[in-house]
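Asker: One structure coming up, written as structure tokens, with questions to follow.
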């Protein structure tokens, strides 16, 4: 029982960390960034490089943010910007980019499975249940990410402008907000978050050129169900992530792997705005 | 060029393609015959991606699944029941049936009234993921990850399979080509261009999408069936997301919305990858990825249009300017046929207690009025009074929050716009809302689809229209611009075109949202004249939203004043124009007093 | 379209046209005085990690054979083609090798999906085919021989060893694919045959990297031993890492890990039991000579030889022996001879005379702290069992 609760909590935390960057980009730009998986992979390799240089594993997070941000800037400028008016094409172009990122990484690092050092090892005892320390650590990490983003959106001028663009871009532009700049910064931030997520999953996973892709569809579905709100994303991660854990445990892990995608599709069919308020 | 000559040309091209296919095995080595047989079948599936994405605007990642369904139907039947002629027919039937069933479920999920394009794409993305997982979980029945192999299949030589695949592709391509160029096929582009307008022209776009989707599923299943028969192996990757996106990549590279582009895209890229991926596996992927991104960003129309553009330009120069597409002939419909039933005695439109709110914000409340046939009722009021919202509530049953709306004696209930059109509602939008890439004549044809079932292979050379629509065309001079694409029209002409389109529906209740906005004085007078005549001679009931009070005064038989979501005045032109209240409303003063007066001041005698 | 776009478009079209042109005239380099060996292998996709080592060992075999005068005096040539580790890629690779390059034999380490996709093409081309990858068993074709292990050979060593260690309850974890299911189905029946109890068997999707729910079940069941058979690469590695992070202490037998991967996993791999027909520290002169030759030929670029690459090396020699016995490269005669010849290689003496499969010497090993594998026991000539009763 406790183990299952912990499974749900930590799974939701991982999903939350993985999906925030995608959510931000979707909320502001109304496009789905299919390069998200590729950018996560980039973050994984940032962790690998950190390990290879013998640095403290926690340093992988800022390194990944840097990698992701730089890649995000280039992608926004050269690929995403011309496609604002064509959101379906943006999906395709960013998907093509994730192929490119994957192949470049393969050429640079090889196809093989590699390993980054985990910042935390071993288990902790929680209510008499020994549980992976790193998975537990992800819960506060995800919360910090969410709180930091919320503070950024609520507490800064850029955040205010971003929210204005989310609500009504035309109006925001009419008020003198440089929505192009907001989009650029959002995409950069979203890409950095994707790379950070990639780093965060490396201790649970291996580092290989395809590591980010399996996460993409789930993250994508969670974002669609959540609309543009960090709070409803939290709800969707808990509900759908919880459903995944329950189905995996009590029915079969194979069905569990499909739970998020199928449930989200059905939720959207019944309630197009998903977990977001009207 | 006559219609039969046009079809003749297409068939001649198809025969030429068949001849090339027939010669193929004699010109190519065994290796190329082998590789191309598969590519030909893949190309047939890429064609369905183009029909859905290029023409209908549905980006689909899941066409691979229908290919796999056809292939697995053959693989499963031949493995578990053994091969026989009867079983071969059974497998084909099962494959097509299962594909249609799957497509119907997906269609129900993805193409319901109000589903966004993104949502539809998402569903097609989930489909291959689920399908692959099911195949993996099938154990020895589906062969799991290894697929099924070693089953017996048709005793046909390699050349035979090349011909079967080639003729199949030519047949499907020709059929698709004839269809998309036909009157019915044009609806696909109309839906892609402007689905909302299609619905308000009475087209059930969800059904249209599902129908095309089902047809594409069946084509994919047959291609997959042939694939399994030829290659004698089926594997879960056939159903996968990767193959699904590959199909999209081929389509995008070849040129979406061209049919031939995706076919050649699939053939060339698949054949080349057989050659090059062996030598440079990673670099080849990288090149495909880069080219794909480049094409999407810089050449969204794909490579075929570029290849074709140059010779076509030269050809055009040699031929001189293209003949204006004035081949379309306008025909007047017999008025006794068009306005068949005489306007009844009851109200043409009855609105009872209609309210609309977004959350706690009330936009309309207690709207209660009715209008007879032959009345021209103008809705006036300041911005934000709820005029357009009211129009929307009358034209779409799902819009209002409370109350009822009766059109010609039929309660619209919760019916979608296309069903309201069937009851006799015609709506013209505030912004000119036409099909930008279609010509004037084609836009009007789409508007007539509700009354005359379009042909699936022919292009009509005549355009029968009711008198009212013809009148609009003649008055504005649009009848001399039938071949002009709508996006080249002036703003006023677009407004007139949309009005003609709505009139072509033969509505009993006409909703006009600022039909004269942005028009010149003369154009305005023309439209005004047309409208009064429509009410007088044909007994239409017109509901008009207007800001220009002079115009309103000139043509209305009655005026309703809306303010802050309520009717504040409902009376004759004289009463309203002279009303102090209206002056206050427009001056922006006295809001409080009016907005909260419980009872609208009834001065007129409606219904 | 702007001028710049037009230019880029022209360049693009040009590249495609050039690629097409370059590809068409590639005619088979076919000559009477060479013997061509085709190697369809997963240079890209799931098998791309291990594929280079497979190609290397084939290259060494060919070099050695040519240095000693080739096969029947003919020079041996290799043709490698990428099968992208899947069915569609394998069809292209087999088509290319059989009909374009017109190879005399196919020797390949491939996924089961790729092998199955290739077999109908092998039938059409009537080409001898030696499959050198361990697999889930019972794949039969009149043109195919297999010189690697099947579940019947691999499972017993680990389960017997665990039984001796006192294990009574077992938990099985696999990826949901043919190999994972095939291996564990056999393992389960074997455990029950020797009186053990399977307290759980769970499968995750093939590309799954999240094992949370399964691990919770493992902890709840608290088995004496765990045996896993996942897809290679990421799923295998993530399972091991998460198993260790969750603090599971049971005996851990992994049916899918190879030496190289174990080494790169570091501390997490320590203590894992593995079984196979080849480990680098098999203490025989043949193996030492093989390793020395590999080292000399590839130096720093050497990919560690493993249970998938060594059979490839031996299969090239098996083909040589068969051709020499038949006195010709004629397919029908070579196919008959392949079941009769024996090869002395790093794994010992191997004859593919048991229903197209080979009895093999199997080893049980345990991963050490330094990543090396310590061989705990050796099982001589383990029989592959009934694989293809319809074929001799």
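We did not get these values from a lab; they are worked out from the coordinates using the rules stated. The model shown is predicted, which means the values in this text are computed figures rather than measured ones. Note: ideal-geometry Cβ built from the backbone for every residue, glycine included; neighbour counts use all protein chains shown.
Asker: Going 7 Å from the Cα of residue A:273 toward and past its Cβ, which residues in the stretch A:158-175 have a backbone nitrogen under 14 Å from where you end up?
Answerer: Flagged as within label range: A:167.
Asker: How well do other chains shield peptide A:94-102, expressed as the mean number of their Cβ atoms within 10 Å of each residue Cβ?
Answerer: Numbers: counts 2, 8, 14, 5, 1, 9, 8, 2, 4.
Mean shielding count: 6.
Asker: Calculate the FRET efficiency for residue B:586 and residue B:353 from the Cβ-Cβ distance with a Förster distance of 22 Å, rounded to the nearest 0.05.
Answerer: 0.25
Asker: Still on this structure, I have one more. Across the residues of C:114-127, average count of Cβ atoms on other protein chains within 10 Å? Kindly include the intermediate steps, with their values, before the conclusion.
Answerer: Details: counts 3, 3, 11, 9, 2, 4, 8, 4, 0, 2, 5, 2, 0, 0.
Taking all residues of C:114-127 together, the mean is 4.
Asker: What FRET efficiency would be calculated for the residue pair residue A:157, residue A:56, taking the C-beta separation as r and a Förster radius of 30 Å, to the nearest 0.05?
Answerer: Using R0 = 30 Å, I get an efficiency of 0.35.
Asker: Let me ask something else. I need A:20, C:36 ordered by Cβ neighbour count within 10 Å, fewest first.
Answerer: Working: A:20 28, C:36 21.
Placing the least packed residue first, the sequence is C:36, A:20.
Asker: Convex hull over the alpha-carbon atoms of chain B: what's its volume per residue in Å³? All intermediate terms of the calculation are to be shown ahead of the outcome.
Answerer: Details: hull volume 114.2 nm³, N = 607.
That works out to 188 Å³ per residue.
Asker: Expressed as a fraction of 2.2 N^0.38 Å, the rule-of-thumb size for a compact globular protein of N residues, what is the C-alpha radius of gyration of the stretch B:3-241? Intermediate results must be reported in sequence, preceding the final value.
Answerer: On the way: Rg = 18.7 Å, N = 239, 2.2 N^0.38 = 17.6 Å.
Rounded to two decimals, the normalised Rg is 1.06.
Asker: Based only on other Cβ atoms within 10 Å, what is the fewest-to-most ordering of B:124, B:389, A:10? Spell out each step's value before the answer.
Answerer: Details: B:124 26, B:389 19, A:10 23.
Starting with the residue having the fewest Cβ neighbours, the order is B:389, A:10, B:124.
Asker: Just for the protein assembly as shown, what percent of DSSP beta bridges are antiparallel, to the closest 5?
Answerer: Antiparallel bridges: around 45 percent, rounded to the nearest 5.
Asker: Further question on the same structure: How shielded is B:21-30 by partner chains, expressed as the average number of their Cβ atoms within 10 Å of its Cβ atoms?
Answerer: Counting Cβ atoms of other protein chains within 10 Å of each residue's Cβ and averaging gives 1.
Asker: Still on this structure, I have one more. What nm value, rounded to one decimal, do you get for the distance between residue B:2 and residue B:334 when each label is placed 7 Å out toward the C-beta?
Answerer: A separation of 2.7 nm, rounded to one decimal place.
Asker: Calculated FRET efficiency, residue B:422 and residue B:475, Cβ-Cβ r, R0 30 Å, to nearest 0.05?
Answerer: Computed FRET efficiency for residue B:422 and residue B:475 comes out at 0.60.
Asker: Could you tell me the largest-minus-smallest coordinate of the C-alpha atoms of the stretch C:151-276 on each of the three principal axes, in descending order and whole angstroms?
Answerer: 33, 30, 26
Asker: Related question: Kirkwood Rh over alpha-carbon pairs of the protein assembly as shown, then Stokes-Einstein at 20 °C and 1.002 mPa s: what D in µm² s⁻¹, rounded to an integer? Write down the numbers at each step before the final one.
Answerer: Values: Rh = 34.0 Å.
Estimated via Stokes-Einstein, D reaches 63 µm²/s.
Asker: Once you sort the root eigenvalues of the Cα gyration tensor of the stretch B:76-192 as a ≥ b ≥ c, which label holds: rounded (a/c under 1.5), prolate (a/b larger than b/c) or oblate (the other case)?
Answerer: Values: a/c = 2.62, a/b = 1.30, b/c = 2.01.
Because a/c hits 1.5 or more and a/b fails to exceed b/c, the stretch B:76-192 counts as oblate.
Asker: So, how do all the Cα-to-Cα distances of chain C break down into 20 Å bins, in percent, from 0 on up?
Answerer: All Cα pairs, binned at 20 Å, distribute as 27, 53, 18, 2 percent.
Asker: Given Cα pairs under 8 Å that are at least 6 residues apart, what percent is the relative contact order of chain B?
Answerer: Value for chain B: 16 percent.
Asker: Identify which of C:109, C:206, C:352 has the largest mean-square fluctuation in a Gaussian network model of chain C, with springs joining Cα atoms closer than 10 Å.
Answerer: For chain C, modelled as a Gaussian network with Cα springs under 10 Å, the answer is C:206.
Asker: Please state the shape class of the stretch A:76-147: rounded when a/c is under 1.5, otherwise prolate if a/b exceeds b/c and oblate if not, all from the C-alpha gyration tensor.
Answerer: Since a/c reaches 1.5 but b/c is at least a/b, the shape of the stretch A:76-147 is classed as oblate.
Asker: Residue B:90 label point, 7 Å along Cα→Cβ, cut-off 14 Å on backbone N: hits in the stretch B:66-80?
Answerer: So the set is B:73-80.
Asker: Just for chain B, what percent of DSSP beta bridges are antiparallel, to the closest 5? Let's see the in-between values first.
Answerer: Working: 23 of 46 bridges.
Roughly 50 percent of the DSSP beta bridges within chain B come out antiparallel.
Asker: Classify chain A from the C-alpha gyration tensor, please: rounded if a/c falls under 1.5, else prolate or oblate depending on whether a/b exceeds b/c.
Answerer: Cα axes put chain A in the oblate bin.
Asker: Would you mind ranking C:274, A:196, C:65 so that the residue whose beta carbon has the fewest other beta carbons within 10 Å leads the list? Kindly include the intermediate steps, with their values, before the conclusion.
Answerer: Numbers: C:274 25, A:196 28, C:65 19.
Placing the least packed residue first, the sequence is C:65, C:274, A:196.
Asker: Now for a separate question. Take residue B:525 and residue B:487, extend 7 Å from each Cα along the Cα→Cβ direction, and tell me the distance between the two endpoints in nm.
Answerer: According to this spin-label approximation, the distance is 3.5 nm.
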